[in-house]
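First, the structure itself, so that you have it in front of you.
The values are calculated or read from the model by the stated rules, or taken from the named source; none is laboratory data. Nothing here was measured: the structure is a model prediction, and the numbers come from that model. Positions of Cβ are backbone-derived with ideal geometry, glycine not excepted, and every protein chain shown enters the neighbour counts.
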Amino acid sequence: MVQMSKASIRKQYKKIREALPAKQVKKLSVVINKNLSQQEEYKQAKNIGSYYPINNEVIVRDDPNKKFYYPRITDEKLSFCSASTEFSINEFGIKEPANSVDTELSKIDVFLLPLIAFNKSLYRIGYGGGYYDQTFSKLLHTNKKILLIGLGYEALKTDFNFQTNFDVRLDKIVTDKRIYV
(Lines give C-alpha, C1' and ligand atoms only; values in the text may rest on other atoms or scores of the structure.)
Protein backbone atom coordinates (compact mmCIF):
# COMPACT_ATOMS: atom_id res chain seq x y z
CA MET A 1 0.00 0.00 0.00
CA VAL A 2 1.01 3.57 -0.68
CA GLN A 3 1.27 6.15 2.11
CA MET A 4 -0.80 9.36 2.01
CA SER A 5 -1.82 11.71 4.80
CA LYS A 6 -5.18 11.17 6.47
CA ALA A 7 -6.04 14.83 5.99
CA SER A 8 -5.52 14.56 2.21
CA ILE A 9 -7.51 11.33 1.99
CA ARG A 10 -10.28 12.78 4.16
CA LYS A 11 -10.54 15.87 1.96
CA GLN A 12 -10.53 13.88 -1.30
CA TYR A 13 -13.05 11.22 -0.23
CA LYS A 14 -15.32 13.66 1.56
CA LYS A 15 -15.76 15.41 -1.80
CA ILE A 16 -16.59 12.07 -3.44
CA ARG A 17 -19.22 11.26 -0.83
CA GLU A 18 -20.74 14.73 -0.76
CA ALA A 19 -21.04 14.70 -4.58
CA LEU A 20 -23.44 11.75 -4.45
CA PRO A 21 -26.99 12.79 -5.38
CA ALA A 22 -29.57 12.27 -2.60
CA LYS A 23 -31.39 9.70 -4.74
CA GLN A 24 -28.22 7.63 -5.09
CA VAL A 25 -27.49 7.86 -1.35
CA LYS A 26 -30.95 6.43 -0.63
CA LYS A 27 -30.58 3.70 -3.26
CA LEU A 28 -27.09 2.64 -2.09
CA SER A 29 -28.19 2.81 1.55
CA VAL A 30 -30.97 0.31 0.82
CA VAL A 31 -28.41 -2.11 -0.68
CA ILE A 32 -25.99 -1.61 2.22
CA ASN A 33 -28.76 -2.19 4.78
CA LYS A 34 -29.72 -5.38 2.97
CA ASN A 35 -26.10 -6.56 3.02
CA LEU A 36 -25.85 -5.66 6.71
CA SER A 37 -29.06 -7.49 7.60
CA GLN A 38 -27.62 -10.69 6.11
CA GLN A 39 -24.63 -10.67 8.49
CA GLU A 40 -25.05 -13.33 11.17
CA GLU A 41 -23.71 -11.10 13.97
CA TYR A 42 -26.19 -8.40 13.06
CA LYS A 43 -29.08 -10.86 12.85
CA GLN A 44 -28.34 -12.09 16.38
CA ALA A 45 -27.72 -8.64 17.88
CA LYS A 46 -30.43 -7.06 20.00
CA ASN A 47 -28.72 -3.76 20.88
CA ILE A 48 -27.19 -1.67 18.10
CA GLY A 49 -24.92 1.35 18.45
CA SER A 50 -25.80 3.42 15.40
CA TYR A 51 -25.56 7.04 14.21
CA TYR A 52 -27.65 9.78 12.62
CA PRO A 53 -26.34 10.28 9.07
CA ILE A 54 -24.93 13.62 7.95
CA ASN A 55 -23.29 14.75 4.73
CA ASN A 56 -24.40 11.75 2.64
CA GLU A 57 -23.41 9.06 5.13
CA VAL A 58 -25.15 5.71 4.72
CA ILE A 59 -28.72 5.93 6.03
CA VAL A 60 -29.21 3.18 8.64
CA ARG A 61 -32.61 1.53 8.54
CA ASP A 62 -34.30 1.00 11.88
CA ASP A 63 -35.32 -2.53 12.75
CA PRO A 64 -38.29 -2.90 15.12
CA ASN A 65 -36.73 -6.07 16.58
CA LYS A 66 -33.62 -4.23 17.74
CA LYS A 67 -32.95 -1.41 20.16
CA PHE A 68 -30.86 1.41 18.73
CA TYR A 69 -28.46 3.66 20.63
CA TYR A 70 -27.03 6.87 19.21
CA PRO A 71 -23.79 8.75 19.85
CA ARG A 72 -23.54 11.87 21.95
CA ILE A 73 -20.43 13.90 22.70
CA THR A 74 -20.23 15.28 26.22
CA ASP A 75 -17.10 16.78 27.75
CA GLU A 76 -14.97 15.57 24.82
CA LYS A 77 -16.18 11.97 25.33
CA LEU A 78 -18.34 9.81 23.11
CA SER A 79 -21.21 7.96 24.74
CA PHE A 80 -24.28 6.18 23.38
CA CYS A 81 -27.87 6.84 24.44
CA SER A 82 -31.19 5.28 23.63
CA ALA A 83 -33.18 7.08 20.98
CA SER A 84 -35.43 9.82 22.23
CA THR A 85 -38.06 11.97 20.63
CA GLU A 86 -36.05 15.08 21.48
CA PHE A 87 -32.78 15.89 19.75
CA SER A 88 -30.19 18.59 19.85
CA ILE A 89 -27.51 19.55 17.34
CA ASN A 90 -23.98 19.44 18.74
CA GLU A 91 -21.04 21.73 17.97
CA PHE A 92 -20.17 19.61 14.90
CA GLY A 93 -23.67 19.90 13.43
CA ILE A 94 -24.57 16.31 14.35
CA LYS A 95 -27.97 15.32 15.69
CA GLU A 96 -27.82 13.79 19.20
CA PRO A 97 -30.42 12.38 21.59
CA ALA A 98 -31.37 15.00 24.17
CA ASN A 99 -32.43 14.17 27.72
CA SER A 100 -31.33 10.54 27.40
CA VAL A 101 -29.24 8.57 29.85
CA ASP A 102 -25.92 7.15 28.68
CA THR A 103 -25.96 3.40 28.12
CA GLU A 104 -23.23 1.09 29.35
CA LEU A 105 -21.24 0.39 26.17
CA SER A 106 -20.75 -3.25 27.11
CA LYS A 107 -24.52 -3.75 26.69
CA ILE A 108 -24.33 -2.92 22.99
CA ASP A 109 -23.84 -5.96 20.75
CA VAL A 110 -22.85 -4.29 17.48
CA PHE A 111 -21.63 -0.79 16.69
CA LEU A 112 -22.26 0.67 13.23
CA LEU A 113 -19.75 3.34 12.26
CA PRO A 114 -19.98 5.91 9.49
CA LEU A 115 -16.89 6.63 7.43
CA ILE A 116 -15.43 9.02 4.91
CA ALA A 117 -12.94 6.48 3.53
CA PHE A 118 -11.68 2.98 4.32
CA ASN A 119 -9.05 0.50 3.22
CA LYS A 120 -8.96 -3.26 2.81
CA SER A 121 -7.15 -3.57 6.15
CA LEU A 122 -10.48 -2.54 7.77
CA TYR A 123 -9.45 0.91 8.96
CA ARG A 124 -11.72 3.90 8.52
CA ILE A 125 -11.27 7.62 8.27
CA GLY A 126 -13.88 9.73 10.00
CA TYR A 127 -13.99 13.46 10.56
CA GLY A 128 -10.75 13.47 12.53
CA GLY A 129 -11.92 14.04 16.09
CA GLY A 130 -10.80 10.60 17.23
CA TYR A 131 -13.94 10.07 19.32
CA TYR A 132 -14.73 6.61 17.97
CA ASP A 133 -11.13 5.40 18.15
CA GLN A 134 -10.63 6.65 21.72
CA THR A 135 -13.91 5.17 22.92
CA PHE A 136 -13.49 1.76 21.33
CA SER A 137 -9.80 1.53 22.19
CA LYS A 138 -10.70 1.91 25.88
CA LEU A 139 -13.52 -0.62 25.57
CA LEU A 140 -11.28 -3.15 23.82
CA HIS A 141 -8.76 -2.84 26.67
CA THR A 142 -11.42 -4.06 29.10
CA ASN A 143 -11.34 -7.39 27.22
CA LYS A 144 -14.96 -6.93 26.23
CA LYS A 145 -15.53 -8.38 22.79
CA ILE A 146 -17.24 -5.74 20.71
CA LEU A 147 -18.18 -5.90 17.06
CA LEU A 148 -17.41 -2.84 14.97
CA ILE A 149 -18.96 -2.64 11.51
CA GLY A 150 -18.22 0.25 9.18
CA LEU A 151 -20.89 1.30 6.69
CA GLY A 152 -19.82 3.01 3.49
CA TYR A 153 -20.03 3.15 -0.25
CA GLU A 154 -17.65 1.08 -2.37
CA ALA A 155 -16.53 4.34 -4.01
CA LEU A 156 -14.95 5.33 -0.65
CA LYS A 157 -12.43 2.46 -0.67
CA THR A 158 -8.84 3.63 -0.93
CA ASP A 159 -5.62 1.72 -1.51
CA PHE A 160 -3.74 4.12 0.76
CA ASN A 161 -2.20 2.86 3.98
CA PHE A 162 -3.28 5.63 6.36
CA GLN A 163 -3.73 3.89 9.72
CA THR A 164 -1.74 4.80 12.82
CA ASN A 165 -1.26 3.13 16.20
CA PHE A 166 -4.22 5.15 17.52
CA ASP A 167 -6.70 3.78 14.98
CA VAL A 168 -9.03 0.93 15.91
CA ARG A 169 -9.45 -1.78 13.29
CA LEU A 170 -13.03 -2.63 12.38
CA ASP A 171 -14.31 -6.19 12.27
CA LYS A 172 -16.16 -5.69 9.00
CA ILE A 173 -16.97 -3.04 6.47
CA VAL A 174 -20.26 -3.35 4.60
CA THR A 175 -20.61 -1.57 1.25
CA ASP A 176 -23.03 -1.62 -1.63
CA LYS A 177 -20.79 -4.10 -3.49
CA ARG A 178 -19.30 -6.40 -0.87
CA ILE A 179 -18.42 -7.22 2.73
CA TYR A 180 -14.81 -6.71 3.83
CA VAL A 181 -13.59 -8.97 6.65
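Got a number for residues in the stretch 57-71 being surrounded by 13 or more Cβ atoms within 10 Å (Cβ to Cβ) and over 17 Å from L115 (Cα atoms)?
Keep residues of the stretch 57-71 that are surrounded by 13 or more Cβ atoms within 10 Å (Cβ to Cβ), which gives 57-61, 63, 66-71.
Right, trim to over 17 Å from L115 (Cα atoms) and you get 63, 66-69.
The qualifying residues number 5.
On to the next question. For the stretch 103-120, how many residues are in a loop (DSSP other than H, G, I, E, B) and without any contact (Cβ under 8 Å) to a residue 60 or more places away in the chain?
Kept after step one, since they are in a loop (DSSP other than H, G, I, E, B), are these residues of the stretch 103-120: 103-104, 108-109, 115-116, 119-120.
Then drop every residue that is not without any contact (Cβ under 8 Å) to a residue 60 or more places away in the chain, which leaves 103-104, 115.
Summing the residues that are in a loop (DSSP other than H, G, I, E, B) and without any contact (Cβ under 8 Å) to a residue 60 or more places away in the chain in the stretch 103-120 gives 3.
Looking only at the stretch 91-102, which residues are surrounded by 12 or more Cβ atoms within 10 Å (Cβ to Cβ) and either free of Cβ contacts under 8 Å to residues at least 40 places away in the same chain or not charged (D, E, K, R) (or both)?
Here is the first cut: in the stretch 91-102, the residues surrounded by 12 or more Cβ atoms within 10 Å (Cβ to Cβ) are 94-98, 100, 102.
Correct list: I94, P97, A98, S100, D102.
Okay, residues lined up against (1) closer than 23 Å to F136 by Cα; (2) of a type outside the set (G, A, S); (3) assigned to a helix (DSSP H, G or I); (4) touching a Phe, Trp or Tyr at 6+ places or on another chain (Cβ under 8 Å):
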position: L28; (1), (2), (3), (4): no, yes, yes, yes
position: Y42; (1), (2), (3), (4): yes, yes, yes, no
position: Y69; (1), (2), (3), (4): yes, yes, no, yes
position: I73; (1), (2), (3), (4): yes, yes, no, yes
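Could you list, in sequence order, all residues of the stretch 121-135 that are crowded, with 22+ Cβ neighbours inside 10 Å and assigned to a helix (DSSP H, G or I)?
Matches in the stretch 121-135: Y132 only.
With respect to S88, determine if the residue is small (G, A, S), in a loop (DSSP other than H, G, I, E, B), more than 15 Å from K6 (Cα to Cα) and at pLDDT below 90. Explain how you work it out, then say what you get.
Details: small (G, A, S): yes; in a loop (DSSP other than H, G, I, E, B): no; more than 15 Å from K6 (Cα to Cα): yes; at pLDDT below 90: yes.
It is false that S88 is small (G, A, S), in a loop (DSSP other than H, G, I, E, B), more than 15 Å from K6 (Cα to Cα) and at pLDDT below 90.
Here's another thing I want to ask about it. Give all pairs with beta carbons closer than 6 Å in which a residue from the stretch 127-144 that is under 16 Å from S79 (Cβ atoms) and modelled with pLDDT of 85 or more meets a residue that is surrounded by fewer than 13 Cβ atoms within 10 Å (Cβ to Cβ) and among the hydrophobic types (A, V, I, L, M, F, W, C); count only pairs at least 6 apart in sequence or on separate chains.
That search, which allows pairs on different chains as well, returns D133/F166.
Here's something else I'd like to know. If you go through the stretch 79-90 one residue at a time, do you hit one that is crowded, with 19+ Cβ neighbours inside 10 Å and either closer than 30 Å to I16 by Cβ or touching a residue at least 24 places away in the same chain (Cβ under 8 Å) (or both)?
Yes, because at least one residue in the stretch 79-90 is crowded, with 19+ Cβ neighbours inside 10 Å and either closer than 30 Å to I16 by Cβ or touching a residue at least 24 places away in the same chain (Cβ under 8 Å) (or both).
I'm trying to understand the selection: among the residues of the stretch 145-166, which are assigned to a loop (DSSP other than H, G, I, E, B) and in contact with a strand residue (DSSP E or B) (Cβ under 8 Å, 6 or more places away or on another chain)? Can you show your working first?
Of the residues in the stretch 145-166, the ones assigned to a loop (DSSP other than H, G, I, E, B) are 145-146, 152-153, 158-159, 161-166.
Hits for the stretch 145-166 are I146, G152, T158, D159, N161, F162.
Among the candidates I54, I9, I48, I32, which residue alone is in contact with a Gly (Cβ under 9 Å, 6 or more places away or on another chain) and buried (at least 17 other Cβ atoms within 10 Å of the Cβ)? Lay out the reasoning, then the answer.
Values: I54 fails: buried (at least 17 other Cβ atoms within 10 Å of the Cβ); I9 fails: in contact with a Gly (Cβ under 9 Å, 6 or more places away or on another chain); I48 fails: in contact with a Gly (Cβ under 9 Å, 6 or more places away or on another chain).
None of the other options fit; the residue is I32.
Hey, another quick one. Only residues that are in a helix (DSSP H, G or I) and either of a type outside the set (G, A, S) or under 26 Å from Y69 (Cβ atoms) (or both): list them for the stretch 1-21, please.
Going residue by residue through the stretch 1-21, those that are in a helix (DSSP H, G or I) are 6-18.
Those that are in a helix (DSSP H, G or I) and either of a type outside the set (G, A, S) or under 26 Å from Y69 (Cβ atoms) (or both): K6, I9, R10, K11, Q12, Y13, K14, K15, I16, R17, E18.
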